[in-house]
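Data block below; observations after.
Each value in this text was obtained by applying a stated rule to the coordinates, not by laboratory testing. Values in this document were obtained by computation on a predicted structure and should not be read as measured data. Reconstructed Cβ throughout: ideal geometry from the backbone, glycine too, with neighbour counts over all protein chains shown.
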Amino acid sequence: MNAFMDTIWAWLQASTWPSHQPWTLITIMLMGGVTMLARSFFFISQTPWYLPRWAQRGLEYAPIAALSAVVLPEIVMTHGVFIHTPFDARLYGAIAGATYFFWRRGGGQAVLGTIVSGMAVYLPLHIGLGW
């Protein structure tokens, strides 16, 4: 291991990078290794892994929770402050997308239609009217 690190260090010293860059590269490589090891635990084991029913049920709602945690603040806030005017294109685009989704009852191509209908309202208001 020590010879490997010496080889990497010699290569980094011979490169044309600024002096602080080798440590950045080493840190990124080590973080990638730790991430790969942590994510491969499920594949390394010889026995199958089973989640309890309560965990499986909870994971069914994880994508919805993550999406709402990312999208909802983007719709109702600007620079960390709640929107205080009705002239914001994001509000009307979100309403149009939600209306289409509930009109289709989530079936068929509801996700694509939601995106298209929301953007069809958002873009003219944002680009055309400058909202």
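Data overview
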| quantity | calculated |
| --- | --- |
| Residue-averaged 222 nm ellipticity for the chain, from DSSP H runs of 4+ at -39500 (n - 2.57), nearest 500 | -21500 deg cm²/dmol |
| Karplus-derived 3J(HN,Hα), 6.51/-1.76/1.60, for each residue of the range 37-43, Hz, glycine and proline x | 5, 5, 7, 8, 4, 5, 8 |
| Residue-wise HN-Hα coupling along the range 80-89, computed from phi with Karplus coefficients 6.51, -1.76, 1.60 (Hz; x: Gly, Pro) | x, 10, 4, 5, 10, 10, x, 9, 10, 5 |
| Cut-off under 5 Å, modelled amide H: who pairs with T78 long-range | I83 |
| For H84, H126, H79, order by how many other beta-carbon atoms lie within 10 Å, fewest first | H79, H84, H126 |
| Neighbour-count order for V71, V121, V81, fewest beta carbons within 10 angstrom listed first | V81, V71, V121 |
| Cα→Cβ-extended label distance, 7 Å offset, between L59 and V81, nm | 4.3 nm |
| FRET efficiency estimate (nearest 0.05) - Cβ-Cβ, T35 to L72, R0 35 angstrom | 0.80 |
